[in-house]
């Protein structure tokens, strides 16, 4: 059976989905001789008084190929059902959490090009879509969270690892590029100013699609700056809950600890 597309696994294998699930269901539901003609999964009998309308089909262009799709489908669904092989620009398959299906979109009769996630964007007639492949900037910010001993030195670490952040042009290019509509520029400004809680809150819904990095003329890589802030805050503030509870029980006397008594200056065990 011809597949709608293929997704590559870590082992290098491909899986194919059926081109028409309705036909598969209908084929499996073919009645045996003497059995009722209505398929088992067909649901209740159709009301003859109910009117059915033919669903409209829209035509758009995806990566230079003309695709006919149902208007209720997303760009990613339409691309998959057109017979294209899904070996890149696909990850969560519609959850909107991986940022892999980043793309450029130009709607019909519009000159403006916008960025979006293909799994979250509905198809429209005359739409032109071009996927953006994964890319790695020439300058990679490297850091080690173990170098952050306390929050006093965190601001200095941000300036050392992301020196470009202080030279933000406030062009709002990152804000326009973000498919989630995050105030990326505000998050960068908060991180540079030392308001780390505000910066972490801005970048918390980030899906790391790298579109803000692509749009930034100063090579700040805002999404990675936000990830650094979130990691640093977690490393400095998270503590084991069970250990905290046990220490509290010891301090309040709810739990006693039996062990060797601490030695005095003379080397003899302390009394009591």
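Tabulated results
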{"item": "Every residue from segment 232-255 that is in contact with a helix residue (DSSP H, G or I) (Cβ under 6 Å, 6 or more places away or on another chain) and within 25 Å of residue 174 (Cβ to Cβ)", "result": "232, 233"}
{"item": "Scan of segment 57-104 for residues that are surrounded by 21 or more Cβ atoms within 10 Å (Cβ to Cβ), in contact with a helix residue (DSSP H, G or I) (Cβ under 9 Å, 6 or more places away or on another chain) and outside any loop (DSSP other than H, G, I, E, B), ordered by number", "result": "60, 62, 67, 69, 102, 103"}
{"item": "Flag for residue 215 being outside the structural domain of residue 120 (by TED's automatic domain parsing), within 21 Å of the chain's Cα centre (by Cα), free of Cβ contacts under 8 Å to residues at least 24 places away in the same chain and surrounded by 15 or more Cβ atoms within 10 Å (Cβ to Cβ)", "result": "no"}
{"item": "Candidate set from segment 223-244 (those that are exposed (fewer than 12 other Cβ atoms within 10 Å of the Cβ) and in a helix (DSSP H, G or I)); member that is modelled with the highest pLDDT", "result": "234"}
{"item": "Answer from 196, 154, 117, 182 - the residue that is surrounded by 15 or more Cβ atoms within 10 Å (Cβ to Cβ), farther than 22 Å from residue 69 by Cα and under 16 Å from the mean Cα position of the chain (by Cα)", "result": "182"}
{"item": "Residues that are assigned to a loop (DSSP other than H, G, I, E, B) and within 24 Å of residue 132 (Cβ to Cβ), drawn from segment 171-205", "result": "171, 172, 178, 179, 180, 181, 182, 183, 204, 205"}
{"item": "Filter result for residue 118 (at pLDDT 90 or above, assigned by TED's automatic domain parsing to the domain that holds residue 210 and in contact with a helix residue (DSSP H, G or I) (Cβ under 6 Å, 6 or more places away or on another chain))", "result": "no"}
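The values are calculated or read from the model by the stated rules, or taken from the named source; none is laboratory data. Because the structure is a prediction, the values reported are computed rather than measured. Cβ coordinates were reconstructed from backbone atoms using ideal geometry, including for glycine residues, and neighbour counts include every protein chain displayed.
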